[in-house]
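These notes concern the structure reproduced below.
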Amino acid sequence: ATERTLSIIKPDAVAKNVIGEIITRFEKAELKVVAAKMVHLSQEQAEGFYAEHKERPFFGDLVSFMTSGPVVVQVLEGDNAIAKNRELMGATNPKEADAGTIRADFASSIDANAVHGSDSPESAEREVSYFFGADEICPR
Ligand code: CMP
């Protein structure tokens, strides 16, 4: 079924100047960008986005990394988009990511892991609406 998922190109990948290379991978996999913006997240925005991880020991490092520079937030649309995006990204820890995945090719650590993608239909719904109003999404 056609789904939407939230993708974030994280500060490390923006700093490496590989925004285009990452978006090309989405497009080659038949995921369409239907919304996009570059933002430098505030602490409040990053904490709210990652609220489910608030009690985890890595929460402070995660928020400080995600606010360390601009990110590119996108809505990707396509058949099976949530799982497809997760396959393209590879494992959260780049050391465990399969060869040829975005994280294997561009990430350097579990925090600086190049991309985020929604992990379920419920989180996709929450994450898309966290960043985009209905009028900012352009079905095509
Ligand atoms: P992301 O998909 O953005 O969701 C939460 C992020 O926390 C994750 O990617 C990692 O970058 C970061 N993180 C840091 N340490 C861990 C950990 N031990 N387990 C899961 N995520 C972690």
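The values are calculated or read from the model by the stated rules, or taken from the named source; none is laboratory data. Bear in mind that the values here come from a model prediction, so they are computed numbers and not experimental data. Here the Cβ is made from the backbone with ideal geometry for all residues, glycine too, and neighbour counts use every protein chain on show. The accessibility values were calculated without ligands, DNA or RNA, using every heavy atom of the protein model including side chains. Shrake-Rupley method; radii C 1.70, N 1.55, O 1.52, S 1.80 Å.
Here is a check on your reading of the model: is Ala124 assigned to a helix (DSSP H, G or I) and farther than 19 Å from Ile19 by Cα?
Criteria met by Ala124.
Report yes if some residue within region 80-91 is crowded, with 17+ Cβ neighbours inside 10 Å and more than 16 Å from the ligand (Cβ to nearest atom); otherwise report no.
Among the residues of region 80-91, not one is crowded, with 17+ Cβ neighbours inside 10 Å and more than 16 Å from the ligand (Cβ to nearest atom), which makes the answer no.
Give the residues of region 98-111 that are open to solvent by less than 30 Å² (accessible area, probe 1.4 Å) and either of a type in the set (Ser, Thr, Tyr) or not in a loop (DSSP other than H, G, I, E, B) (or both), sorted by residue number.
Once the filter is applied, which keeps residues that are open to solvent by less than 30 Å² (accessible area, probe 1.4 Å) and either of a type in the set (Ser, Thr, Tyr) or not in a loop (DSSP other than H, G, I, E, B) (or both), region 98-111 yields Thr101, Ile102, Arg103, Phe106.
Report, by residue number, each residue of region 112-127 that is open to solvent by less than 40 Å² (accessible area, probe 1.4 Å) and near the ligand (Cβ under 8 Å from one of its atoms).
Ala112, Asn113, Val115, His116, Gly117
Restricting to region 38-74, what's the tally of residues that are part of a helix (DSSP H, G or I), open to solvent by 70 Å² or more (accessible area, probe 1.4 Å) and within 12 Å of the ligand (Cβ to nearest atom)?
2
Restricting to region 1-45, count the residues that are in contact with a strand residue (DSSP E or B) (Cβ under 9 Å, 6 or more places away or on another chain), farther than 20 Å from Arg140 by Cβ and without any contact (Cβ under 8 Å) to a residue 24 or more places away in the chain.
1
Select from region 5-21 the residues that are under 21 Å from Gly100 (Cβ atoms) and either within 14 Å of the ligand (Cβ to nearest atom) or open to solvent by 20 Å² or more (accessible area, probe 1.4 Å) (or both) and list them in ascending order.
Answer for region 5-21, where residues must be under 21 Å from Gly100 (Cβ atoms) and either within 14 Å of the ligand (Cβ to nearest atom) or open to solvent by 20 Å² or more (accessible area, probe 1.4 Å) (or both): Thr5, Ser7, Ile8, Ile9, Lys10, Asp12, Ala13, Lys16, Asn17, Ile19, Gly20, Glu21.
State which residue pairs qualify: first residue free of Cβ contacts under 8 Å to residues at least 60 places away in the same chain and inside region 58-80, second residue among the hydroxyl-bearing types (Ser, Thr, Tyr) in any location, beta carbons under 8 Å apart, and separation of 6 or more residues or different chains.
Partner pairs satisfying both residue conditions: Phe59/Tyr50; Leu62/Tyr50; Val63/Tyr50; Met66/Tyr50; Thr67/Ser42.
Which of the numbered conditions does Lys95 fail, given that it passes all the others? Conditions: (1) more than 14 Å from the chain's Cα centre (by Cα); (2) buried (at least 19 other Cβ atoms within 10 Å of the Cβ).
(2)
Quickly run through region 105-120 and pick out the residues that are out of contact with any helix residue (DSSP H, G or I) (no Cβ under 6 Å at 6 or more places or on another chain) and either of a type in the set (Gly, Ala, Ser) or under 18 Å from Phe26 (Cβ atoms) (or both).
Asp105, Ser108, Ser109, His116, Asp119, Ser120
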